[in-house]
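*Asks:* Pasting a structure below so you can have a look.
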Amino acid sequence: MMHPVRETRRPTASFAVGFFVREMTFETFHRLIETHRADGHAHLFVPVFRRVGADLLTPVSAFLRLRSMAPDAFLLESVEGGEKLGRYSFLGARPYLRVEVRGERVVLHHPDRSEKSATDFFTTMRQLLRRYHPVSVPELPRFTGGAVGYLGYDMVRQLEHLPSPPPDDLELPDARWNFYDTVVAFDHVRHQLVLMAGVFVEPDTELHAAYDEAVARLDMLSDMLAQASLEVPEPVALPAAPLTSNFSRNAFCEAVCRAKEYIYEGDIFQVVLSQRFAMPYTGDRFNLYRALRQVNPSPYLFYIDFGDLALIGSSPEVLVRVEHGRAEVLPIAGTRPRGRTPEEDQALEAELKADPKEQAEHLMLVDLGRNDLGRVCRFGTVQVDRFAFVVRYSHVMHLVSLVSGELASGYDALDALAACFPAGTVSGAPKVRAMEIIDELEPTRRGVYAGAVGYMDFSGNLDTCIAIRTMVVRNGTIYIQAGAGIVADSEPEREYEETVNKARALVEAMRVAASGLL
C-alpha cells in the first residue's frame, strides 16, 4: 500500500539540483515502523527519501561532486542491449562497513575499528544483510542500500577443492564489499534524483532523532550535488610503453595446444584460457570510466573506488540476478563483430546463428547454467525462457539465452551466487575440471577477472555481472584480462588474437581518456 508523502514544492538554491518534488514525512516514517513492529520485526531498515528534479545534472557530474567530499564512492549504470539507457543509475559514498576477504580470513572494517569474522564470507554476508528487516517503499528504486563490491575468481577455492593454485603475484583481496546506507538514484525516466538515507531501527531507537539524522544526511547530499563549481579531471598522456602480458604469444599458443589435449583425452569439453595485460597509468581513474561508457556502453557499467584499488568495467554478461526469490542467468557464447552497414550487420547475425560451432558451444553453456540453478531452485521451475537470441553492442554482437528458476525453500541469493560461481562462460565444462586445468596452464591467479561485480541488498535481492571487460587500477598500473573458449577444433593463433581483440575496447577507452576527448 502506498503511504502518503509530502507533496508540497519549495524553492532550492541549487542550479544543478532542481525543484523539490517530495519527501517522506516523519508521520509516514513512524507509521511504517509501527506497522512492521506489529508484524513482529524488531530490527528494521527504513529508507528515508527525497525526490528532486535533476534535468541539469548527469550521473557523471553528480559522481564528481560526490567523490570530492566523500571517500570510497561508486557509480553503477546500465545500457540495455548496448543501446538504451537503463532507468536508474546508482551512486553512493562513505560506506559504514567494509568486508574484505583474503584466503579464509574475513575482516570487517568499521570506521573506527577492524575485527575478524568468526564465519566464512557467505555466512558473514548473510548475517549482515539479514540482521535488519527492510521496509519496502513501493515508489523507490530496487536498490535502496546494501553492499556493493566484487568477488574475485579465486573465491572459488572456498567452494571447490583446487589443489594447485598458480602464484598470486598481485596479492589483491579475494573479495571486497562496501556497505552503504546512503544512496543516490538517478531516475532517467522522470529526470529526477532520489536521495535515500537508510535508518537502522532498533527496539530502543528514538524515532524523532533517527528521522532528523536521516534528513540531515539528505541535506548533506543535496549540498554536495548543488556545488556550483565542478572539478573536471585533466587527461594525462599514456606512456609510450606498449601493453605487457603475463603470457608470451608462443606460451599462450602452447597452453591452447595442451588444453586441446585434455579435450581429446575426454577430461573436458571446453576451457577458457585468459591472459592479463598491463600498462602504467598516472591519470585520474574516473576518466577511464568516462571514456569506457562512451566507447563500450554495456548492461553493466561500473566504477567502484576502494581507495587503493579501483574497478572500472563495461560487462555485457549477468553472472546471477535474484529478485523476489527468482534467480536468472544469461549465458553469452557466440560472437561476431558489428557490420559497417545495416545489411552487413544482418548478414553477420545470420552467419552467427548458422555457425554450428557457436551453436554447440552456446548450448553447452546454457545446459551448464541450468545445472547451476538446479542446485538451488525448486524442482521443475528451472527453464530456458529465451534461447540463442542476438544482442548487439557497440563493437560486437552475441548469442544470449535467459535461464531462470524459483529459489527452493531454505536457499537465498547468496546460495544462488555460490552455485553459479564462477560462470561457465569464463571457466569451462565440466566446470571443476576446467578450473583445475586453468590453474595448471595460466601463469598467475586471475584476481578480479572472471569473478563477480555488483550489489546485494537488505531485501534478499542481488544483481551481479561477470568481471569481464574490466580494468583493475592499482599502484599506477591498469590491468586488463581477456579469455578465449578453447574447444576441440580451436586454432591457437586465432584464440590468441581473440583475447587481444576482446581487450581492444578497453585499450581504446584508455587512449580516449588520455586524449582528452571526453
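The values are calculated or read from the model by the stated rules, or taken from the named source; none is laboratory data. Predicted model, so just to flag it, every value in this text is computed and none were measured. Glycine also receives a Cβ, built like all others from the backbone with ideal geometry; neighbour counts cover every protein chain displayed.
*Asks:* Among the residues of region 278-300, what is the count of those that are surrounded by fewer than 21 Cβ atoms within 10 Å (Cβ to Cβ) and assigned to a strand (DSSP E or B)?
*Replies:* 3
*Asks:* So, in region 458-472, how many residues would count as being over 12 Å from the mean Cα position of the chain (by Cα), crowded, with 24+ Cβ neighbours inside 10 Å and either free of Cβ contacts under 8 Å to residues at least 24 places away in the same chain or not in a strand (DSSP E or B) (or both)? Lay out the reasoning, then the answer.
*Replies:* Quick first cut of region 458-472, residues over 12 Å from the mean Cα position of the chain (by Cα) only: 458-461, 471-472.
Imposing the further condition that a residue be crowded, with 24+ Cβ neighbours inside 10 Å reduces the set to 458, 471-472.
Checking which are either free of Cβ contacts under 8 Å to residues at least 24 places away in the same chain or not in a strand (DSSP E or B) (or both) leaves us with 458.
Qualifying residue count, region 458-472: 1.
*Asks:* May I pose another question? Any residue at all in region 204-211 that's over 27 Å from the mean Cα position of the chain (by Cα) and of a type in the set (S, T, N, Q)?
*Replies:* The first filter runs over region 204-211 and keeps only residues over 27 Å from the mean Cα position of the chain (by Cα), leaving 204-211.
Checking the rest, the ones that are also of a type in the set (S, T, N, Q) come to 205.
The answer is yes; a qualifying residue exists.
*Asks:* Here's a follow-up. Quick one: what pairs do we get from region 385-410, first residue at pLDDT 95 or above, second surrounded by fewer than 17 Cβ atoms within 10 Å (Cβ to Cβ) and acidic (Asp, Glu), C-beta under 6 Å, 6+ apart or different chains?
*Replies:* Between residues of region 385-410 that are at pLDDT 95 or above and residues that are surrounded by fewer than 17 Cβ atoms within 10 Å (Cβ to Cβ) and acidic (Asp, Glu), the close pairs are LEU402/ASP385; SER404/ASP385.
*Asks:* Still on this structure: Quick one: is MET224 within 28 Å of VAL99 (Cβ to Cβ), in contact (Cβ under 8 Å) with a residue 40 or more places away in the chain, outside any strand (DSSP E or B) and touching a helix residue (DSSP H, G or I) at 6+ places or on another chain (Cβ under 9 Å)? I'd like the intermediate steps shown before the answer.
*Replies:* Values: within 28 Å of VAL99 (Cβ to Cβ): yes; in contact (Cβ under 8 Å) with a residue 40 or more places away in the chain: yes; outside any strand (DSSP E or B): yes; touching a helix residue (DSSP H, G or I) at 6+ places or on another chain (Cβ under 9 Å): yes.
Yes; evaluated as a whole, the condition is true for this residue.
*Asks:* In region 223-251, how many residues are in contact with a strand residue (DSSP E or B) (Cβ under 6 Å, 6 or more places away or on another chain) and either closer than 23 Å to VAL432 by Cα or crowded, with 16+ Cβ neighbours inside 10 Å (or both)?
*Replies:* Pass one, region 223-251, residues in contact with a strand residue (DSSP E or B) (Cβ under 6 Å, 6 or more places away or on another chain): 239, 243-247.
Still in the list and also either closer than 23 Å to VAL432 by Cα or crowded, with 16+ Cβ neighbours inside 10 Å (or both): 245-247.
Result for region 223-251: 3.
*Asks:* Go through (1) assigned to a strand (DSSP E or B); (2) surrounded by 16 or more Cβ atoms within 10 Å (Cβ to Cβ) and name the single condition VAL107 misses.
*Replies:* So the condition that VAL107 fails would be (2).
*Asks:* Which of the residues belonging to region 135-172 are over 24 Å from MET224 (Cα atoms), of a type outside the set (A, V, I, L, M) and crowded, with 22+ Cβ neighbours inside 10 Å?
*Replies:* Result: TYR150, GLY152, TYR153, ASP154.
*Asks:* Output the residue which, of all residues in region 262-277 that are within 16 Å of VAL432 (Cβ to Cβ) and among the aliphatic types (A, V, I, L, M), is surrounded by the fewest Cβ atoms within 10 Å (Cβ to Cβ).
*Replies:* By that ranking, first place goes to ILE263.
*Asks:* State the number of residues belonging to region 371-393 that are among the charged types (D, E, K, R), surrounded by fewer than 19 Cβ atoms within 10 Å (Cβ to Cβ) and touching a Gly at 6+ places or on another chain (Cβ under 9 Å). Before you say what the answer is, go through the steps one by one.
*Replies:* Just the residues of region 371-393 that are among the charged types (D, E, K, R), to begin with: 372, 375, 378, 385-386, 392.
Okay, now just the ones that are also surrounded by fewer than 19 Cβ atoms within 10 Å (Cβ to Cβ), so 375, 378, 385-386, 392.
Next, only the ones that are touching a Gly at 6+ places or on another chain (Cβ under 9 Å) stay: 378, 392.
Within region 371-393, residues that are among the charged types (D, E, K, R), surrounded by fewer than 19 Cβ atoms within 10 Å (Cβ to Cβ) and touching a Gly at 6+ places or on another chain (Cβ under 9 Å) number 2.
*Asks:* Can you name the residue in region 383-442 that is touching a helix residue (DSSP H, G or I) at 6+ places or on another chain (Cβ under 9 Å) and of a type in the set (S, T, N, Q) and is also nearest to GLU361 (Cα to Cα) among such residues?
*Replies:* THR425
*Asks:* A further question on this structure: Criterion first (part of a helix (DSSP H, G or I) and either within 20 Å of LEU506 (Cα to Cα) or of a type in the set (Asp, Glu) (or both)) does TYR303 satisfy it?
*Replies:* Values: part of a helix (DSSP H, G or I): no; either within 20 Å of LEU506 (Cα to Cα) or of a type in the set (Asp, Glu) (or both): yes.
It is false that TYR303 is part of a helix (DSSP H, G or I) and either within 20 Å of LEU506 (Cα to Cα) or of a type in the set (Asp, Glu) (or both).
*Asks:* Quick one: SER490 ticks every box in (1) surrounded by 19 or more Cβ atoms within 10 Å (Cβ to Cβ); (2) among the hydroxyl-bearing types (Ser, Thr, Tyr); (3) outside any strand (DSSP E or B); (4) modelled with pLDDT of 95 or more bar one, so which box is it?
*Replies:* Of everything listed in (1) surrounded by 19 or more Cβ atoms within 10 Å (Cβ to Cβ); (2) among the hydroxyl-bearing types (Ser, Thr, Tyr); (3) outside any strand (DSSP E or B); (4) modelled with pLDDT of 95 or more, SER490 misses just condition (4).
*Asks:* Among the residues of region 145-158, is any aliphatic (A, V, I, L, M), in contact with a strand residue (DSSP E or B) (Cβ under 6 Å, 6 or more places away or on another chain) and farther than 30 Å from SER274 by Cα?
*Replies:* Step one: of region 145-158, the residues aliphatic (A, V, I, L, M) are 147-148, 151, 155-156.
Subsequent filtering for residues that are in contact with a strand residue (DSSP E or B) (Cβ under 6 Å, 6 or more places away or on another chain) retains 147-148, 151, 155.
If we keep only those that are farther than 30 Å from SER274 by Cα as well, we get none.
For region 145-158, residues aliphatic (A, V, I, L, M), in contact with a strand residue (DSSP E or B) (Cβ under 6 Å, 6 or more places away or on another chain) and farther than 30 Å from SER274 by Cα: absent.
*Asks:* How about region 334-427: which helices (runs of 4 or more DSSP H) wholly inside it have at least 3 residues that are closer than 30 Å to ASP174 by Cα? Quick ask: steps written out before the conclusion?
*Replies:* Working: elements: 342-354, 356-374, 413-420.
The qualifying helices (runs of 4 or more DSSP H) are 356-374, 413-420.
*Asks:* Still on this structure, please answer the following. Would you be able to tell me the number of residues in region 333-359 that are in contact (Cβ under 8 Å) with a residue 60 or more places away in the chain, out of contact with any helix residue (DSSP H, G or I) (no Cβ under 6 Å at 6 or more places or on another chain) and surrounded by 15 or more Cβ atoms within 10 Å (Cβ to Cβ)?
*Replies:* Residues flagged as in contact (Cβ under 8 Å) with a residue 60 or more places away in the chain, out of contact with any helix residue (DSSP H, G or I) (no Cβ under 6 Å at 6 or more places or on another chain) and surrounded by 15 or more Cβ atoms within 10 Å (Cβ to Cβ) within region 333-359 amount to 1.
*Asks:* Still on this model: I'd like to check something: does region 111-118 contain any residue that is hydrophobic (A, V, I, L, M, F, W, C) and within 23 Å of the chain's Cα centre (by Cα)? Lay out the reasoning, then the answer.
*Replies:* At the first step, the residues of region 111-118 found to be hydrophobic (A, V, I, L, M, F, W, C) are 118.
Of the ones still in play, those that are also within 23 Å of the chain's Cα centre (by Cα) are none.
No: region 111-118 contains no residue that is hydrophobic (A, V, I, L, M, F, W, C) and within 23 Å of the chain's Cα centre (by Cα).
*Asks:* Follow-up question, since we're still on this one. Only one of TYR393, TYR455, TYR479 is within 21 Å of the chain's Cα centre (by Cα) and within 30 Å of TYR132 (Cα to Cα). Can you tell me which? Before you say what the answer is, go through the steps one by one.
*Replies:* On the way: TYR393 fails: within 30 Å of TYR132 (Cα to Cα); TYR479 fails: within 30 Å of TYR132 (Cα to Cα).
Residue meeting the stated conditions: TYR455.
*Asks:* Related question: Say we look at region 232-266 and pick out the residues that are charged (D, E, K, R) and over 22 Å from THR499 (Cβ atoms); which of these is modelled with the highest pLDDT?
*Replies:* Just the residues of region 232-266 that are charged (D, E, K, R), to begin with: 234, 249, 254, 258, 260-261, 265.
Now narrow it down to the ones that are over 22 Å from THR499 (Cβ atoms): 234, 265.
Details: GLU234: 82, GLU265: 97.
Applying the filter and picking the extreme gives GLU265.
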